[in-house]
Amino acid sequence: MMISPRIRAAAVAVIAAGAVSLSSAAHADSGTIRFSVYKAAFFVGGSGGDGTLTFHGRRYPISIAGISGGIAFGASKTNFRGTVRNIRRASDVTGVYGAAGGGGAIGRGAQVIVMTNEKGARLELSGKQVGLQVNADLSGLAITVK
């Protein structure tokens, strides 16, 4: 039984395409991230900060900006640290991250958050909050690699 050259070429193309998609997923890597966020709110809030992404042994400065709306008031500083997963290069961390939630802390409080951006980068963060911040709002966070 002879297989036509067209069918053979199509089969090779399908196998190659599958191998490329598997290899690109396998090349996704992770890094560590640390940043501080300062937040102030009276119904509408703003946040900003900076930090460092460590990826493949190199450090990249990052900046943080965000807004929130809802039932929120107070001022706080939160120091986050954690892991960034599913990135191929440092610039994959750049993007908008969103989270819906509520919570609060008076004095020192702990926070844990997992967020994903439009490129698929996944932040797994824990942080300690200092200050008074009470919220039940939708928050957005933008990270930029400088």
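What the table shows:
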{"item": "Label point distance in nm, residue 132-residue 58, each placed 7 Å from Cα along Cα→Cβ", "result": "4.5"}
{"item": "Separation in nanometres of the label points that stand 7 Å from Cα toward Cβ, at residue 65 and residue 119", "result": "1.7"}
{"item": "Spatially proximal lysines relative to residue 77 (Cα-Cα < 23 Å; intrachain offsets below 8 disregarded)", "result": "39, 128, 146"}
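Rule-based calculations on the coordinates, nothing more; no lab input. This structure is a prediction, so every number in the text was calculated from the model and none was measured. Here Cβ is always computed from backbone atoms with ideal geometry, including for glycine, and neighbour counts include all displayed protein chains.
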